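Student: My structure is below; once you've seen it, I'll send some questions.
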Amino acid sequence: MTVNPPTSVKTRGNGDSEVSTPLFKCFVFQNIAEQAWWEKTGPLLAKVLQSAQYSVQDQYLYMTLYRTVLLPRLGPHPHTWDSFITYSGVPVEFSINFQQHGPPTARIGWEPVSQKSGSPADPINHDTVSQAIATMSQLNLNGFDTKFLHHMMRCLTATGEEAADVGRDQLYLTRMKNQVSFGLDLKAGEVSVKCYLYPALKSHLTGSSFRQLLNDAVHSLGDEVSYPALDTIHEYLESGGMYNQYSFIGIDCTTASKSRLKVYNTIQDVTWSKLRDIWTLGGRFESHATTQRGLQFVQEFWKLLTSDQDKMAVGIWSYELAPGSTDFPNPKYYFIMHGMNDMENAQAISKFYDSIGWHDLAANFVDSVKGYFPNFESGETSNLIQYVSMAYSEKTGVYLSVYYHSSL
């Protein structure tokens, strides 16, 4: 199966990164935690931007954004707030998206953390997240708007006061303390922000189901926005008992009328039969041409990862809804690679690229990962490549992102 390749990717391998240039020597760190985070994550982000062929100007722009806005909001180092966005618990994650009809896009996943996070002053990180949103509001990001974001946060997350009666042990053991994180797409000199909301704590406090909380949040906006296909998602997930404490949503930090809605879920013990069921919403869109085309790519990658086992321990997926659209929900599946051999995973990714005609990317991918992580060549690591996500649409073609453990 062959598709048109994206822009080819080249890497500097193990050469010096832009972190060592004079601009970055001029940064002043407010405390040793900031400096430690910079030393552990800054070089990796620089290499990610370089391998994705960002211009020098955009590398400086995004490294400066990371240093001045995100880095001071990663909290203590080593981390003491166990983040929901990574297996290791660190509150930052770098990834690169590749698609058939466009250049690579680097992304930063981020859960804002402070010295107060988890303390009596901010037990569920609510205040720290609010301060991070206020800071992003000052950046004049194109299209960034907080009205819809704040509405959804009020409907789907709890404040510290509301959660005061929930014991600390219960909050931490069930991961209910984590309620908000962000994703920043770094593209063409701009930054677009997405927000991820985890309603488990709100559901626990109110007794309302995930479906009820989400429906109330959307319907209370009246004519501002609608997602006609949302009921189809609810029907499929509830009929299979797939909503759980790890279900969450994603939105764009823009006006309600422009924001997509993404519904995320997690299950264990995934087989190909189950993945096929997920991708087609229980067969509801089995005959849809775009669904079938995407499923072929997903199956090809599944076979490269699982060989004869036909099983993976954990699966995460989402359904994306465009505002006002009655089209079928666009699925995206996350192949969980944490705990699997990194070298074997990188080779499987490279083979997949080659099989769909992305030959330059295939030829350079393993070397790119070697350039990111000094210990990758040992062949003994199993935590450097965290996930690979895959979606397909007529607009983007194959849409694949690789997520990395983002602390050296």
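The values are calculated or read from the model by the stated rules, or taken from the named source; none is laboratory data. Computed from a predicted model, the values in this text were never measured in an experiment. When we count neighbours, we look across all protein chains shown, and the Cβ atoms used for this are built from the backbone with ideal geometry, even at glycine. For accessibility, only protein heavy atoms count, side chains too; no ligands or nucleic acids. Shrake-Rupley method; radii C 1.70, N 1.55, O 1.52, S 1.80 Å.
Student: Restrict the search to region 345-408; then list the GluC sites (Glu not before Pro) that DSSP places in a loop and that have at most 11 other Cβ atoms within 10 Å of their Cβ. Don't skip to the answer; put the middle values down first.
Tutor: On the way: sites: Glu377, Glu380, Glu394; in loops: Glu380, Glu394.
Counting only loop positions with at most 11 other Cβ atoms within 10 Å, the GluC sites (Glu not before Pro) in region 345-408 are Glu380, Glu394.
Student: Let me ask something additional. Could you compute how fast region 38-150 diffuses translationally, taking Rh as the Kirkwood radius over C-alpha pairs and applying Stokes-Einstein at 10 °C with viscosity 1.306 mPa s? Give it in µm² per second. Can you show the working numbers first?
Tutor: Numbers: Rh = 15.4 Å.
The calculation lands on 103 µm²/s.
Student: Using the heavy atoms of the protein chains and a 1.4 angstrom probe, tell me the accessible area per residue for the chain in square angstrom.
Tutor: Per-residue accessible area for the chain comes out at 41 Å².
Student: Hey, how much of the P(r) for region 138-295 falls beyond 28 Å, as a percent of Cα pairs?
Tutor: The answer is 30 percent, as a whole percent.
Student: Next up: Run the accessible area of region 123-282 with a 1.4 Å probe and give the carbon-and-sulfur part as a rounded percent.
Tutor: 45 percent
Student: Another question, if that's okay. Pull out a ≥ b ≥ c, the square roots of the eigenvalues of the alpha-carbon gyration tensor of region 327-383, then state rounded if a/c is under 1.5, prolate if not and a/b is larger than b/c, and oblate in the remaining case. Let's see the in-between values first.
Tutor: Values: a/c = 2.68, a/b = 1.44, b/c = 1.86.
It comes out oblate by the Cα gyration axes.
Student: Taking all protein chains in place and a 1.4 Å probe, what share, in percent, of the accessible surface of region 332-408 do carbon and sulfur account for?
Tutor: 45 percent
Student: Where the Cα atoms of the chain are projected onto their three principal axes, how long is each span, largest first, in whole Å?
Tutor: The Cα atoms of the chain stretch 56, 53, 38 Å along the principal axes, largest first.
Student: Still on this model: Do any of Lys202/Lys262; Lys147/Lys332; Lys147/Lys274; Lys351/Lys395; Lys274/Lys370; Lys116/Lys258 go past 30 Å between their Cα atoms, and which? All intermediate terms of the calculation are to be shown ahead of the outcome.
Tutor: Values: Lys202/Lys262 18 Å; Lys147/Lys332 27 Å; Lys147/Lys274 38 Å; Lys351/Lys395 24 Å; Lys274/Lys370 34 Å; Lys116/Lys258 34 Å.
Checking Cα-Cα distances, Lys147/Lys274; Lys274/Lys370; Lys116/Lys258 exceed 30 Å.
Student: Let me have the relative contact order for region 32-404, percent, based on Cα pairs under 8 Å that are six or more residues apart.
Tutor: Values: 641 pairs, mean separation 55.9, N = 373.
This gives 15 percent for region 32-404.
Student: Here's another thing I want to ask about it. Using a Gaussian network model of the chain with C-alpha springs under 10 Å, which one of Asp269, Asp58, Asp252 is most mobile by mean-square fluctuation?
Tutor: Asp269
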